[in-house]
1. What helices does the chain have that are whole DSSP H segments, at least 27 Å long along their own axis by Cα, and with mean Kyte-Doolittle hydropathy of -0.5 or more?
2. With an 8 Å Cα cut-off and a minimum separation of 6 or more residues, compute the relative contact order for the stretch 105-223 in percent.
3. Assigning unit charges at the beta carbon (Lys, Arg +1; Asp, Glu -1) and nothing else, what dipole magnitude in debye, to the nearest 20, does the chain show about its Cα centre?
4. Going by how many other beta carbons lie within 10 Å of each one, how would you line up 171, 162, fewest first?
5. State whether the stretch 14-103 is rounded, prolate or oblate according to the following rule on the C-alpha gyration tensor (a ≥ b ≥ c being the square roots of its eigenvalues): a/c under 1.5 gives rounded; otherwise a/b larger than b/c gives prolate, and the remaining case gives oblate.
6. Tally Lys/Arg at +1 and Asp/Glu at -1 over every other residue whose Cβ is under 12 Å from the Cβ of residue 203; what's the total?
7. Could you tell me the distance between the Cα centroids of the stretch 110-138 and the stretch 29-98, to the nearest Å?
8. Can you pull the one-decimal nm distance between simple spin-label points at residue 152 and residue 64, each 7 Å off the Cα toward Cβ?
Amino acid sequence: MPQPDTTPPDPASDELLLAAVERAARHRARDTPAVPMWALLEHLAIPRSSVAARQARAKLEALEASGDLQRSRRRGVATWELTDAGLRRLRGDGSVDWGAQLPESPQHRAWRNARALAAQEVERFRAQLRASLEDAASTLDAQPPPHSDAWLELGEELQRACRRVASASHCLHEWAEPIDARADLDSHVEASDATLDQGERARRRTRRAGRRNIGLWAQPPAG
């Protein structure tokens, strides 16, 4: 898969900043269109502690002064949102799609990275699960029977191994490529759930929690 260009024009234009505010608000899917600075910088692919970040912050203040942006505070954090004037400026005469000029969105980057890592790791996860299953079979046949602690430990390892395989499989085969028109949120719902009773639907949704979180793939520390 070709790697998308994640480098925005330097410095970011006013219109690109407005487009980043709009997309960040849409992808956060919150009860407010206001977005914090860190989220805006992610959509611009700008490191937080950089000259470009300071330039972007100065431009935001200028856009606030011109009436294109409104600044507020949410839980003590400064946030930005488009005003009607800012939205009209962003739309312009329709000749330029500024949203299409933005770098790859954070949600698409998360999907791409998870998919690439899943392709790299899924066979290793399957091998680990197979080894754990073989350990379980050997433990079943052991004489004298092992202490109960061995079963409890093995059960934990089997659960971790199964979740790694399930998560990698979901990221590789089931997670549809996000589009920028809407937030890519895992609802933990599948089309096949319609055939299940309410209790089973709830249990499956609970089990699906964290299935896109590749940070959970790390092995627990030994000991």
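1. On the way: long enough: 106-141 (49 Å, -0.78); 148-169 (32 Å, -0.43).
Result, helices passing both filters: 148-169.
2. Working: 69 pairs, mean separation 43.8, N = 119.
Over the stretch 105-223, the number comes to 37 percent.
3. It comes to approximately 520 debye.
4. Listing 171, 162 from fewest to most nearby Cβ atoms yields 162, 171.
5. Details: a/c = 1.36, a/b = 1.19, b/c = 1.14.
Because its axes are fairly even, with a/c under 1.5, the stretch 14-103 counts as rounded.
6. Details: positive: 201, 204, 205, 207, 208; negative: 193, 197, 200.
Computed value for this residue: +2.
7. With the stretch 110-138 and the stretch 29-98 each reduced to a Cα centre, they are spaced 41 Å.
8. Label-label distance for residue 152 and residue 64, simple model: 5.5 nm.
Laboratory data are not the source of any read-out in this text; all were calculated from the coordinates shown. These figures come from a predicted structure and were not determined experimentally. Cβ: placed from backbone, ideal geometry, glycine included. Neighbour counts: every protein chain shown.
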